[in-house]
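All remarks here apply to the structure that follows.
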Amino acid sequence: MNRKYYIFLFLCIVAVATLTYYGINTNKEREVSYYVIKETSSCMAECEEGVKEIYTKYYSTEESEGVKAMFSETSGSETIGGYNIAYLFSRKIIGYSFDREGELKYKTVTTSDPGYFLWNLDSMEVGQKWEGNVTIKSDNIKNKENFITEYKFETEIVSYEKVKIEAGSFNCYKVRRAMSTEYEGEIVKQINTLWYSLELKIIVKGINTTNFKGEECTSTSELIEYR
């Protein structure tokens with residue numbers, strides 16, 4: 001596997017996964033027992049031959065002593081496919097990824113300033129802006145490698161609009177997030193655009209564009225099924 005594209009894909013997938021997590025369902029009046037997100041990336045094929053898209057099924061969360069646990073299953077890729085569990089705190093996510101045989105592959109810890117995770121917002125309105133920092137640390141258990149990325153982010157709620165996707169049409173807040181970090185002596189810039197449904201209390205669509213070492217990788221996530 002080309003290491004450059006592996007790192008590229010890691011940056012893209014982590015960003016898209018984080019988009020999904022900070023839009024988890026917290027609406028007790030509109031329970032979603034599960035939802036399925038389809039993710040695509042323009043650099044996936046460079047990392048794993050034949051892979052064009054992956055699917056992740058997120059199950060309803062459980063809560064114990066104020067800590068939420070989210071379970072998910074990813075298919076479509078040998079590299080990142082398998083089972084996942086994430087523990088969600090107010091300003092931190094601790095995630096574990098396992099292969100099909102149940103062996104631990106990755107541990108990822110995301111720690112943020114207030115406002116990075118959408119579920120922490122008391123209210124949302126068009127024109128809101130905020131900024132802060134977030135650190136994402138991923139440990140590859142098998143290869144004994146780790147990646148640590150520290151981002152600066154600027155976020156703005158740019159509009160309230162209807163978005164049509166495979167799972168249906170939803171009224172959403174459109175959120176734009178600009179992120180930047182330094183990796184291997186290069187500046188990495190990311191633009192996250194996401195659509196947050198008030199009905200489902202989850203992000204139904206996300207687009208992440210990453211610029212790294214003069215190349216661009218675009219990843220998208222979209223809700224295709226829910227119940």
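Taking the criterion of being of a type in the set (S, T, N, Q), part of a strand (DSSP E or B) and without any contact (Cβ under 8 Å) to a residue 60 or more places away in the chain, the residues of region 141-167 that qualify are Asn146, Thr155, Ser159. Residues in region 73-102 that are basic (Lys, Arg) and in a strand (DSSP E or B): Lys92 alone.
Test Lys144 against the criterion of being over 25 Å from Cys217 (Cα atoms), surrounded by fewer than 15 Cβ atoms within 10 Å (Cβ to Cβ) and modelled with pLDDT of 90 or more, and give yes or no. For Lys144, the condition - over 25 Å from Cys217 (Cα atoms), surrounded by fewer than 15 Cβ atoms within 10 Å (Cβ to Cβ) and modelled with pLDDT of 90 or more - is not met. Considering only residues that are part of a strand (DSSP E or B) and either more than 18 Å from Ser41 (Cα to Cα) or out of contact with any strand residue (DSSP E or B) (no Cβ under 9 Å at 6 or more places or on another chain) (or both), look in region 204-227 and name the one that is modelled with the highest pLDDT. So, considering only residues that are part of a strand (DSSP E or B) and either more than 18 Å from Ser41 (Cα to Cα) or out of contact with any strand residue (DSSP E or B) (no Cβ under 9 Å at 6 or more places or on another chain) (or both), the one modelled with the highest pLDDT is Glu225. Looking across region 122-139, the residues that are surrounded by fewer than 16 Cβ atoms within 10 Å (Cβ to Cβ) and either part of a strand (DSSP E or B) or of a type outside the set (S, T, N, Q) (or both) come down to Asp122, Met124, Glu125, Val126, Gly127, Lys129, Trp130, Glu131, Gly132, Asn133, Thr135, Lys137. Taken over region 72-83, the criterion of being without any contact (Cβ under 8 Å) to a residue 24 or more places away in the chain, of a type outside the set (Val, Ile, Thr) and at negative phi is satisfied by Ser72, Glu73, Ser75, Tyr83.
All of (1) touching a Lys or Arg at 6+ places or on another chain (Cβ under 8 Å); (2) over 18 Å from Ala178 (Cβ atoms); (3) not basic (Lys, Arg) hold for Glu101 with one exception: (1).
The values are calculated or read from the model by the stated rules, or taken from the named source; none is laboratory data. From a predicted model like this one, the values you see are computed outputs, not experimental measurements. Cβ: placed from backbone, ideal geometry, glycine included. Neighbour counts: every protein chain shown.
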